[in-house]
Amino acid sequence: MDKQQTAYERLKVQVDRIGWRIQYRAKTIRKREYSFYDLEYMRTDVSFTDGSENRMMIEQLINTLPPQGKLIIYKLYIQDQTESEVALQLNMSQQAVNKWKRKMIEQLSQTVSS
């Protein structure tokens, strides 16, 4: 016996798919990294000169990194790209980008604390 879906069942399946896509998109947007500039504008106690000094300091810190790490940090935090987007552009896996990111953040942390 052939199962025929009613119009209600077909619509329910389509609505479920649309709902899943919306949830997935929201999840990927939430996973995005915050760019340095977004965080700066969120603060209300930062003056123009503080922002300029912060940008200069960030650029100097990023310039201490190796070229591959510098590129990854720049794309993730300055250009506000996801790890997956960076991985596609650099022909790497997303896990490799994540590993580079963690290593570079650790290196930046050591540079700042020393």
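The values are calculated or read from the model by the stated rules, or taken from the named source; none is laboratory data. In this text, all values refer to a predicted model and were calculated from it rather than measured experimentally. All Cβ positions, even for glycine, are placed from backbone atoms using ideal geometry, and neighbour counts span all protein chains on display. Note: areas computed on protein heavy atoms with side chains; ligands, DNA, RNA excluded. Shrake-Rupley method; radii C 1.70, N 1.55, O 1.52, S 1.80 Å.
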* Where Lys and Arg each count +1 and Asp and Glu each count -1, what net charge lies around Ser109 among other residues with Cβ under 14 Å from its Cβ? -> +2
* To do: Would you kindly state how much longer the chain becomes between Tyr24 and Arg102 on full extension, computed as 0.36 nm times their sequence separation minus their alpha carbon distance, in nm to one decimal?
  => 25.6 nm
* Between Leu90 and Ser52, 0.36 nm times their residue separation minus their Cα-Cα distance comes to what? -> 10.7 nm
* Could you look at the range 47-113 and say what percent of its accessible area is carbon and sulfur, using a 1.4 Å probe and all protein chains? => 55
* Kirkwood Rh and Cα Rg combined as Rg/Rh, the range 47-113 -> 1.02
